[in-house]
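Laboratory data are not the source of any read-out in this text; all were calculated from the coordinates shown. In this text, all values refer to a predicted model and were calculated from it rather than measured experimentally. Cβ placement follows ideal geometry from the backbone for every residue including glycine, while neighbour counts extend to all protein chains displayed.
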Amino acid sequence: MLFTSYEFIGFVILLVALYYVLPKKAKWPLLLLGSYVFYFFAGWKFLFYIAAVTIITYVAGLLISKNKKIADARFAELKALDKSGSGSPEECGKEARKRYKEEQKSKRRRIMTVGITIALLILAVVKYTNFTIYNINGILSAFHAPKRINFLTIALPMGISFYTFQAVSYVIDVYRDRHEAQKNFFKYALFVSFFPQLVQGPISRYGDLSKELFTPHTFHGRTVERGLQRVIWGYFKKLVIADRILPAVNTMIDTPENFKGAYVFMVMMFYALELYADFTGGIDITIGIAEMLGIPVKENFERPFFSKNIAEYWRRWHITMGTWFTDYIFYPLSVSGPMLKLGKWSRKHLGEKVGKRLPVYLASFIVWFTTGIWHGASWNFIVWGLGNFVVIMISQELEPLYSKFHKRVNTDGSTVYKSFQIGRTILIMSALRLFDCYRDVPLTFKMFGTMFTTWNWKIVGNGALLHLGIGRADYIILALGTILMFTVSMIARSGSVRDKMEKKLPFAARWVVFTFLLLIIVVFGAYGLGYDASQFIYNQF
Amino acid sequence: MDELISILREIHPDVDYETATNLVDGKILDSFDIISLVGEIADKFDVVVSAEYMIPENFNSAQALWNLIQKLQDDE
């Protein structure tokens, strides 16, 4: 059941209506039922995967929480015994208590490790088995071995990367004592499977989502109205912009030998627009549906293309994924014993400057490698991830040079300089995204190189772009749609556009605007006969 | 506390750490800065700030960070 299908729209209308009609007690169970029905339509076999991840992480969370409670009670008991003088120092003295605390913590760590390892193993098996076989076959071929391993038929369960990460974060947060474990299995199952965010995130944390998810919300016209407006805006981005430009991108990347030089630049720009409209549109639909149910979901974007550098871009694009990697991989790795030892060693042997950076860069390298492979089981994504790492590292290393430049040239408040920075971010990020487009890494480098060797910029004005599967009318719709999207982003810099509309426009006028937007989607959306409203790009991750 | 502030000043000399209360939320300290800071704290105060303490509330001000260091020293 695609977000862009009529079935899905009908499903959401029915679910929202039932949610507000049913008694309080039945509201969250309805969401759980709805989430599993939604998932069932993606393929009934996939239900086993989500159920397995749910059960494993639920049990791990529960065991950790139970141990913490028992350990805390025993610790308090030992302390009281020590204070009253009725226990021996070996049994309840400060050192003994500390040892007990450490032992229990270590027990909880083992439970956490087992829980998240099994959950991640499920993800690894379904997502990376064939990639591993592909690489083993490559090695066998390099050594002229006659044997090859056959690829396995494994379908990637929808949203597995997202819900596994969400479940893993839950177990770690219980271990870190950020919140208690959820005792009710079905409530926990809802947290893992909440349908709007199952497909492409955001990757929510239990502490942020759970309270509102289980609260029985009563009907508020304003909440439903605002949610619906956001859903409409999401569909506009997806159907009017992303899906309309899709044929042009596909034409250019399917037969790359015919589309070199300036065409590659067009792929960069068109794909950047497509991905942005597709992913942010999908997230708008997700957050909008949740909002219609009265459930606030974390924002995943903060106008990333207005960023001044790549590090800032990554704080504003797919925010919940970025913070997930920072909190659960980058930080633990950077402050782990071996990494702190490496820091000490490198400062002693390589000097203060290099020594300080080495562990941070090493942890960062691992994070970007993981980010790459999380996006997809292919070398394209790994190189894309590492490309981001290289750019961020270079930018970090050039920091002293930038400081010198800014001391000499005052760029404070300069619109020209800010535009240069934004333009630079867009170009670098779009160039890196070429790895998403072409079939392998060498071809991506080759095609990128043709931008400098094949000088065919005349295609921009000689009508060649009208032969990419989209016509003049499509370009006009795309241009107008992009201008509207850009304008809304500009307005949103100083706060929510819907808030501003609510203050300035009466109810009827607001709905004239959104009905008009809906009409634009109906008339100009790329769907229906002759079109195949495509799956969201991030679904495949 | 003075020693902590001098460590912080090495990272961002232009910030008034006596009054700043939004070092992380205000995006003054990024994740790279936090890791450098944790390394320095381990060296100077002999405490390890593990990942579970790496939340914005503990790094938003010099005072919050100082409280965390003292708590960890007490635990040890």
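If you keep only loop residues by DSSP, which trypsin sites (Lys or Arg not before Pro) in the range B:1-72 have at most 15 other Cβ atoms within 10 Å of their Cβ? Hits after loop and neighbour filter: B:Lys27.
Put a dot 7 Å past the Cα of A:Asn258, heading toward its Cβ, do the same for A:Ile329, and the two dots end up 3.8 nm apart. Could you pull out the pairs from A:Lys344/A:Lys404; A:Lys25/A:Lys66; A:Lys341/A:Lys404; A:Lys83/A:Lys107; A:Lys348/A:Lys418; A:Lys27/A:Lys127 whose alpha carbons sit more than 31 Å apart here? Table pairs above 31 Å Cα-Cα are A:Lys341/A:Lys404; A:Lys348/A:Lys418; A:Lys27/A:Lys127. Using R0 = 35 Å, the C-beta based FRET efficiency linking A:Leu2 and A:Glu502 works out to 0.70. In whole angstrom, the protein assembly as shown maps to an equivalent ellipsoid with semi-axes of 42, 32, 27, each derived as √(5λ) from the alpha carbon gyration tensor and ordered largest first. Phi-derived couplings, Karplus 6.51 cos²θ - 1.76 cosθ + 1.60 at θ = phi - 60°, listed residue by residue for the range A:184-201: 7, 4, 5, 5, 5, 4, 5, 4, 6, 10, 3, 4, x, 9, 6, 7, 8, x Hz, with x used for Gly and Pro.
Taking every residue in A:355-363 and counting other chain Cβ atoms within 10 Å of its Cβ, the average works out to 3.
Which net charge results when you count Lys and Arg as +1 and Asp and Glu as -1 among the other residues whose beta-carbon is under 13 Å from that of A:Lys500? Don't skip to the end; give the middle numbers.
Numbers: positive: A:Arg226, A:Arg493, A:Arg498, A:Lys503, A:Lys504, A:Arg510; negative: A:Asp499, A:Glu502.
Once positives and negatives cancel, what remains is +4.
Max-minus-min Cα coordinates of chain B on each principal axis give 33, 23, 20 Å, with the largest extent listed first. The magnitude of the dipole of the range A:300-439, with charges of +1 and -1 set on the Cβ of Lys/Arg and Asp/Glu and taken from the Cα centre, is near 440 debye.
When the charge dipole of the protein assembly as shown is built from unit charges on Cβ atoms (+1 for Lys and Arg, -1 for Asp and Glu) and taken about the Cα centre, the candidate among A:Thr415, A:Gly93, A:Gly461 whose Cα reaches farthest toward its positive end is A:Gly461.
Can you run the Rg to Rh ratio on the range A:300-439? Use alpha carbon positions and the Kirkwood inverse-distance Rh.
Values: Rg = 16.7 Å, Rh = 16.6 Å.
Using only Cα positions, Rg/Rh for the range A:300-439 is 1.01.
Converting the Cα gyration tensor eigenvalues of the range A:6-219 into ellipsoid dimensions via √(5λ) gives semi-axes, longest first, of 39, 31, 10 Å.
Hey, got a sec? Which trypsin sites (Lys or Arg not before Pro) in the range A:109-202 land in a DSSP loop and have at most 14 other Cβ atoms within 10 Å?
Passing sites in the range A:109-202 are A:Lys147, A:Arg148, A:Lys183.
Calculate, for A:Leu480 and A:Lys353, the FRET efficiency according to 1/(1 + (r/R0)^6) with r their C-beta to C-beta distance and R0 41 Å; round to the nearest 0.05.
Values: r = 51 Å, r/R0 = 1.25.
Given R0 = 41 Å and the Cβ-Cβ separation, E is 0.20.
Cut-off is 10 Å between beta-carbons; in what order do A:Asp177, A:Asp327 appear when sorted fewest neighbours first?
On the way: A:Asp177 13, A:Asp327 20.
Result, fewest neighbours first: A:Asp177, A:Asp327.
Near A:Lys238, which lysines are there with a Cα under 23 Å away, not counting those fewer than 8 places off in the same chain? Once the sequence-local lysines are set aside, what remains near A:Lys238 is A:Lys298. For the range A:160-187, backbone nitrogen atoms closer than 16 Å to the point 7 Å from A:Leu33 Cα along Cα-to-C-beta are found at A:186-187.
Rounded to the nearest 20 debye, the dipole magnitude of the range A:6-219 is 380 debye, with +1 charges on Lys and Arg beta carbons, -1 on Asp and Glu beta carbons, and the Cα centre as origin. Stretched out straight at 0.36 nm per residue, the stretch from A:Glu299 to A:Ile154 would grow longer than its current Cα-Cα span by 49.0 nm. Taking a Cβ cut-off of under 14 Å around A:Ile203, the surrounding Lys, Arg, Asp and Glu residues balance to a net charge of -2, with basic ones at +1 and acidic ones at -1.
Compute the Cα gyration tensor for the range A:382-541, then decide on rounded, prolate or oblate, letting a ≥ b ≥ c be the square roots of its eigenvalues: rounded whenever a/c is under 1.5, prolate when a/b is larger than b/c in the other cases, and oblate in all that remain. It is oblate, given that a/c is not under 1.5 and a/b is not larger than b/c. The trypsin sites (Lys or Arg not before Pro) of the range A:270-378 meeting both criteria, a DSSP state outside H, G, I, E and B (loop) and at most 15 other C-beta atoms within 10 angstrom of the site's C-beta, are A:Lys308. Ordered by the number of other Cβ atoms lying within 10 Å of each residue's own Cβ, fewest first, A:His217, A:His375 fall into the sequence A:His217, A:His375. This model, with +1 at the C-beta of Lys and Arg and -1 at the C-beta of Asp and Glu, gives the protein assembly as shown a dipole about its Cα centre of some 660 debye. With a/c under 1.5 counting as rounded, go ahead and sort the range A:335-403 into rounded, prolate or oblate using the C-alpha gyration tensor (a ≥ b ≥ c being the square roots of the eigenvalues; past the cut-off, prolate if a/b is larger than b/c, else oblate). The shape class here is oblate. The residue among B:Gln63, B:Ser50, A:Phe301 whose Cα reaches farthest toward the positive pole of the charge dipole of the protein assembly as shown, with charges on the beta-carbon of Lys, Arg, Asp and Glu, is A:Phe301. Mean sequence separation of contacting Cα pairs (under 8 Å, at least six apart), scaled by the length of chain B, corresponds to a relative contact order of 37 percent. What nm distance separates the two modelled labels at A:Leu427 and A:His467, each placed 7 Å from Cα along Cα→Cβ? The modelled label-to-label distance comes out at 2.9 nm.
Residues in the range A:25-39 carry Karplus couplings, in order, of 4, 8, 5, 5, x, 5, 4, 5, 4, x, 5, 6, 5, 4, 5 Hz; the curve used is 6.51 cos²θ - 1.76 cosθ + 1.60 with θ = phi - 60°, and Gly or Pro positions show x. Sequentially through the range A:255-262, phi angles give Karplus couplings (6.51, -1.76, 1.60; θ = phi - 60°) of 10, x, 4, 8, 10, 9, x, 4 Hz, Gly and Pro residues having no value and appearing as x. Longest stretch of chain A clear of exposed loop sites (GluC sites (Glu not before Pro), DSSP loop, at most 16 other Cβ atoms within 10 Å, sites excluded): A:303-541. In a fully extended conformation the segment linking A:Lys341 and A:Lys45 would gain 101.9 nm over its present Cα-Cα distance, using 0.36 nm per residue. Between beta-carbons, use under 13 Å as the cut-off and find the net charge around A:Gly355, counting Lys and Arg +1, Asp and Glu -1. The answer is +4. Taking 0.36 nm per residue of separation and subtracting the current Cα-Cα distance, fully stretching the chain between A:Lys187 and A:Met490 would add 105.1 nm.
Of the residues A:Val114, A:Ile70, A:Leu14, the one whose Cα sits farthest toward the positive end of the charge dipole of the range A:6-219, with +1 on the Cβ of Lys and Arg and -1 on the Cβ of Asp and Glu, is A:Ile70. Working from label points 7 Å from Cα in the Cα-to-Cβ sense, the A:Val224 to A:Ala145 distance is 6.2 nm. Across the range A:1-100, the mean sequence separation of Cα contacts (distance under 8 Å, 6 or more residues apart), normalised by length, yields a relative contact order of 13 percent.
Considering only alpha-carbon pairs that sit under 8 angstrom and 6 or more positions apart, the relative contact order computed for chain A is 18 percent.
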